[in-house]
Every structure is written in structure tokens, then in C-alpha cells.
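Report on the following structure.
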Amino acid sequence: MTSRPVLVIGANGYLGSHVTRQLVNDGHDVRVMVRDGAGTIGIDDLKVTRFVGDIWNDDVLRDAMAGCGDVYYCVVDTRGWLKDPAPLFHTNVAGTRNVLDIAKDAGLHRFVFTSSYVTVGRKRGRVATEEDVITDLAPLTPYVRSRVQAENLVMDYVREHGLPAVALCVSTTYGAGDWGRTPHGAIIAGAAFGKLPFVMAGIELEAVGIDDAARAMILAAEKGRVGERYLISERMISNADVVRIAAEAAGVPAPTKSMPLPVSWTMAALGSLKARLTGTDEQLSLGSLRLMRAEAPVDCSKARRELGWEPRPVEDSIREAAAFWVGLREAKRKSKQAG
């Protein structure tokens, strides 16, 4: 464990808040950087030093990194459904570059970058590893393209500026403490509340528990090799199984109806058409459905071997997520009654 302070940028987010909590519990001197006005309920009970500013505020970035050993970068715009993808590239690419420009001169031990498993080249019929590099960006959705470009930027700074960076290619995360209600968290909430009319058939995603993903980030700071990327996923799981496990954990019936994949594609196409005609952002679009369609499984043995990472079964994290949403609803109900 480094004796110097550590910094979590984007500590108010889903993964960032879990990384922060584990670092505090491990006894680190933790600094966090959050945007002004950001919801910080996930870290409000923790003893940390706060720096308020966004990733474009160079002075705050320098102050926050000054004297730090490790920096955990957990800022990402995941809105793959946006009709106008400009915000994705503004945050995920240009924003990352701005942070890297400060980090390269900060004398860090490690810069742990939150990447995504979508940056790994996956093809049907084979298991993908970190060695599978995407070289043709043209067929990618804007969201995936922004993530690939951001990860490539990090590796450029490793080679050209000596930044001691490690990239973690994290898959879909499940677990408690999803205060921002991520899209995959919303599916669990819907299942736990018995409000999902159907499940989308044919959807499988690589998945990992949020606590296990956070632990992988911390292990990467301790043991990760500079310039390497590590796939972080426990296993591939179907959307139907996620919904079933969440419903069972909450003690409610799971949906009995399923939406066939061709119907999902039709609805996604209609969503994309509506977005074009009305100028609105539709969460079910062709771009977002492509994100939910995993082309192939990934091999995470490198993280297990080099980092000593030992994730729990993702089913446990799905159950914890369901319990979180049920508990949150019960707390709100009691609060209303008391008021």
C-alpha cells in the first residue's frame, strides 16, 4: 500500500464510489474529485478529502494530484443512445486527454484508467483476450468508438510521456449502491419491483459484481504492469437470467413473457427513427441494442493470474442489487409515513 494519498476522479459515480469505499476501508488517505453539484450520496459517509471541479479544471486537477501515489480515473459518459454523440467524445476522449496532460507530470505511481470490455475485438466463435485489438473504428457505434479512442490515448501517453498507466476493461457491473440508477440497474429494479412486463430474449452480456470490479482497480494499482490492459468480467450471463435472479431475490414472480430478438431489433429501429424525426434521445435504439449484443465471450485469466483477482459469482451481486432497490423503496415508504 502506497504511503502517499490516492485520488479517485469521478468518485460520485457507480464504480468510483465503490473504489473510494474500498480504499477508505483499506486504510488509504483518500482524495476525491467530484463535479460541483454532483450527487455524492454514495460517499457522503466516508472520511475523504474533497476537491470540487470537473475534468476541464486544470488547477483543481493539479491540486488534487499533487503528492498522490495512485490516481483512479472513473469518469465516463455511457449514454450510448445519444442522437448527437458529441458529448461522448467531449467527455470520453477530449476530457480524458486533458486529465492525462496533467497526470503525466504528477509523478504518479499508477494511473488506473477505467476502460470497457467493448474496446476488445470480439468475434463470434472464439473467446477474446486483451491481445485482440480493434483496428478498424469505422463499423463501431459512436459510444464504442469513443471508448476505444480514449483507451488508445492512455496507451499513447504511456509510450510517449512515460505515464505509468494501466487500463481495466470492465464489463457490465451489478451490485448495491447504484444511487444514479444506471440502465442495467434499472432492469434489476424493475425485476425486483415486479414491474417488468417481459424480458428481452437473445441478450447476453459479460458481467461482474461492482465490488469485484472496484477491487480489480485497486489490485491494478498495486500489481498491474504499466501499459497493459486487463479484462474484468466474471462471466457471460443472459438478460433473462439477470431478471430471474433479481426477481427471486426480491421474492416476486419473474416475467413469464419474452420479447424475441427480431422484435427487439424492430423496436430499436423505431426508436432510432423517432430520435431522428423528433430530435430526442431514445434509450432503446439500434446503437444501444448493439451494445447489449455481445459478439463473443472474453477471457479474464490475465487479471486473475497477474493481479491475483478472485471475483465472486456475479449472481451474488445481482441479488445484492435487488436487495438494495427493495431496501431503498422500503426506506422511502417509511420516510413518507413518518412525514
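Filtered by the rule that a residue be in a loop (DSSP other than H, G, I, E, B) and either acidic (Asp, Glu) or closer than 24 Å to Gly177 by Cβ (or both), segment 225-257 gives Glu228, Ser233, Glu234, Gly251, Val252, Ala254. For segment 31-76, filtering for residues that are surrounded by 18 or more Cβ atoms within 10 Å (Cβ to Cβ), touching a Ser or Thr at 6+ places or on another chain (Cβ under 9 Å) and among the charged types (D, E, K, R) leaves 2. Scanning segment 100-121 for residues that are more than 25 Å from Lys302 (Cα to Cα) and surrounded by fewer than 23 Cβ atoms within 10 Å (Cβ to Cβ) gives Leu100, Asp101, Ile102, Lys104, Asp105, Ala106, Gly107. The residue that is nearest to Gly10 (Cα to Cα), counting only those in segment 147-201 that are of a type in the set (Ser, Thr, Tyr) and touching a strand residue (DSSP E or B) at 6+ places or on another chain (Cβ under 7 Å), is Thr173. Within segment 235-258, residues that are of a type in the set (Ser, Thr, Tyr) have Cβ atoms under 7 Å from residues that are buried (at least 16 other Cβ atoms within 10 Å of the Cβ) and part of a helix (DSSP H, G or I) in these pairs: Ser258/Ala240, counting only partners at least 6 apart in sequence or on another chain.
Exactly one residue out of Ala213, Ala186, Ala138 is without any contact (Cβ under 8 Å) to a residue 24 or more places away in the chain, among the small types (Gly, Ala, Ser) and in a helix (DSSP H, G or I): that is Ala186. For segment 133-155, taking the residues that are charged (D, E, K, R) and within 22 Å of the chain's Cα centre (by Cα), the one that is surrounded by the most Cβ atoms within 10 Å (Cβ to Cβ) is identified as Arg147. Filter segment 188-202 for residues that are crowded, with 20+ Cβ neighbours inside 10 Å and within 29 Å of Ser301 (Cα to Cα) and give the result. Scanning segment 188-202 gives a single hit, Ile188. For first residues located in segment 58-84 and in contact (Cβ under 8 Å) with a residue 40 or more places away in the chain, partners that are surrounded by 24 or more Cβ atoms within 10 Å (Cβ to Cβ) and aromatic (Phe, Trp, Tyr) and lie 6+ apart or on another chain with Cβ distances below 7 Å form the pairs Val71/Phe111; Tyr73/Phe111; Tyr73/Phe113; Gly80/Tyr143.
Restricting segment 1-29 to residues that are in contact with a His (Cβ under 8 Å, 6 or more places away or on another chain) and aliphatic (A, V, I, L, M) leaves a set whose member that is modelled with the highest pLDDT is Val6. For Leu219, the criteria (1) closer than 14 Å to Ser17 by Cα; (2) touching a Gly at 6+ places or on another chain (Cβ under 7 Å); (3) surrounded by fewer than 24 Cβ atoms within 10 Å (Cβ to Cβ) hold in every case but one, which is (1). Within segment 295-311, the set of residues being over 15 Å from Ala128 (Cα atoms), touching a residue at least 12 places away in the same chain (Cβ under 8 Å) and outside any loop (DSSP other than H, G, I, E, B) comprises Glu306, Leu307. Apart from one condition, Arg181 fits all of (1) modelled with pLDDT of 95 or more; (2) under 16 Å from the mean Cα position of the chain (by Cα); (3) on the phi > 0 side of the Ramachandran plot; the exception is (1).
The values are calculated or read from the model by the stated rules, or taken from the named source; none is laboratory data. Just so it is clear, the structure is predicted and the values come from calculations on it, not from any experiment. Ideal geometry is used to build each Cβ from the backbone, glycine not excepted, and the neighbour counts take in all protein chains shown.
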